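Each remark here refers to the structure printed beneath this line.
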Amino acid sequence: MSLPKSYQQNFSPQEINFLAEQELVTVIPRYSMNGAQLIGAKMPKLRALNREQIPLWLATLLKKQEKCNIVVPEWLSVEYLRVRYDEEIKYPSKFSNLPWHWLPIAKKLLDYASDDFIDPPHEIRSLLQDLREVRLVKARKGIRELNHVYIQLDGLSLMEINEIRPFILEVMDQLRKMNDSLKVKAEEEMPRQAAAQMDRDEDSDDDIYQKE
Amino acid sequence: MNFDDILKEFEASKRPGYNEDERRAEDVRLLVDAWVKERTVPELLPYEQELIDRILIRIRKQIELIEMNSIELQTHEREIKLRLVVIESELDRVQFIIRSYTRTRLQKIDKYSLYIRSNDKETAKLSNNEFAYMERHLELLLELYNSQFMKNLPESLQAIDETGGGVSMIDEPDLDRPVFVQATAENVVEVDDEEIELTKNGIYVVRYRAVKDLVETGDVRVL
């Protein structure tokens, strides 16, 4: 089979990671380096200590070789995450606004650039875990709202969407099919009911005649 | 150079496609989009011929570059080595998307061969290679069916594209499958006589048929 069933209409977590690695991050090069012509956006010429925006995959590659430091994005701070966590608790029916790829980016930076964090990485880790759990519970509660027409899920990130996608798609599809078959049944019964109605009308007419 | 020229040049430089590097960046973005779209929607989408052609040429050039440089590598210093690692990593990434894009399409082509062949609009979505593949694949499949069991069946039961009797033997993409979308503009779509207001940046799960046109115009993007 050219594409396994679990990959149809869905992505693997690794593929979501892959998409997250296309996102840009800021780095501070430790050495100067020539750029390179690439298939996509070219790698810029790097000058020592001059900030430059490059894709995450390239940043981690250079980081592994100890060629640069990564500027950890503002949202990966204890203060920011704590505010988001409080929001999650305060508004039980809403997802707080986190970056589209917050999970994979946070994981990648914690794994490869934990020395670049300003706040202690273990605190960030535990906050991320709290956020993840509270949002997971919400997403699961939201499943109760599933219907055959549509569902709105503002604020979920791509990784979170991908996790619940197979379940939601299947349930909505089944609900839709059940609903459609109800409709077909109703349409089939309509003429019969109408006919029954007419019969009754005639009967009552008869009654009148009889009374006369 | 007068003021108008300067203005014109400024505007041209903002247009995508003006600058070769921007165009390359844009092409990879488009490729990623095409891949995500093909993976998430139930139907086969038109083949991105020009985009893929452009990228394949660039891939070939990168491979040549790597081969040329790795021969002389022993004498060169480490900087080139790192550059080659970067070039190779990116090459791998782009090739991965192209492969996955192709596999996704082949899976749909296998599944919907009979439907695609019966419909000119669908056939037009295939590249020449894909069309040749589909024909050959179907031919082999029929040969196999015939030699294994079909020849033993009564002739009236040998058809593989019967549509009578309320059940069609031709698999068609189910456009009513739900998809995850994000609205990039405000719109109203109708599902089962219910109106759904799509607000900008909102994330929805709706059946593909309801947003199909908006996916084409780019007013919603599939996730």
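The values are calculated or read from the model by the stated rules, or taken from the named source; none is laboratory data. What you see is a predicted model; the values in this text were computed from it and never measured. All Cβ positions, glycine included, derive from the backbone under ideal geometry; neighbour counts span all protein chains shown.
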Checking the condition assigned to a helix (DSSP H, G or I) and crowded, with 16+ Cβ neighbours inside 10 Å, which residue from A:L61, A:L38 passes? A:L61
When every residue in the stretch A:144-163 that is more than 9 Å from chain B (Cβ to nearest Cβ) and assigned to a helix (DSSP H, G or I) is compared, the one nearest to B:V191 (Cα to Cα) is A:E145
Which numbered condition in (1) in a helix (DSSP H, G or I); (2) surrounded by fewer than 17 Cβ atoms within 10 Å (Cβ to Cβ); (3) of a type outside the set (D, E, K, R) is the only one that B:L175 fails? (1)
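When you check A:Q14 against the structure, is it among the polar types (S, T, N, Q) and buried (at least 16 other Cβ atoms within 10 Å of the Cβ), yes or no?
No; evaluated as a whole, the condition is false for this residue.
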Residues that are buried (at least 16 other Cβ atoms within 10 Å of the Cβ), over 21 Å from A:K42 (Cβ atoms) and under 23 Å from the mean Cα position of the chain (by Cα): does the stretch B:83-101 have at least one? yes
Of all the residues that make up the stretch A:10-29, how many are at pLDDT 95 or above and outside any strand (DSSP E or B)? 13
Would you point out the residue of the stretch A:1-40, among those that are among the aliphatic types (A, V, I, L, M) and in contact with a Lys or Arg (Cβ under 8 Å, 6 or more places away or on another chain), that is farthest from the other protein chains (Cβ to nearest Cβ)? A:I28
Given the condition away from chain A (no Cβ under 14 Å), closer than 15 Å to B:V222 by Cβ and either within 32 Å of the chain's Cα centre (by Cα) or without any contact (Cβ under 8 Å) to a residue 60 or more places away in the chain (or both), answer yes or no: does some residue in the stretch B:168-185 qualify? yes
Of the residues in the stretch B:110-135, those that are farther than 23 Å from A:P4 by Cβ and surrounded by fewer than 11 Cβ atoms within 10 Å (Cβ to Cβ) come to B:D120, B:K121, B:N128
It is to be established whether one or more residues within the stretch B:195-203 are surrounded by fewer than 16 Cβ atoms within 10 Å (Cβ to Cβ) and either assigned to a strand (DSSP E or B) or of a type in the set (A, V, I, L, M, F, W, C) (or both). yes
Assess whether A:L3 counts as being within 29 Å of the chain's Cα centre (by Cα), among the hydrophobic types (A, V, I, L, M, F, W, C), at pLDDT below 95 and part of a loop (DSSP other than H, G, I, E, B). yes
Can you pull out the helices (runs of 4 or more DSSP H) entirely within the stretch B:1-108 that have at least 1 residues that are modelled with pLDDT of 85 or more and in the same structural domain as B:D120 (by TED's automatic domain parsing)? B:20-40, B:49-71
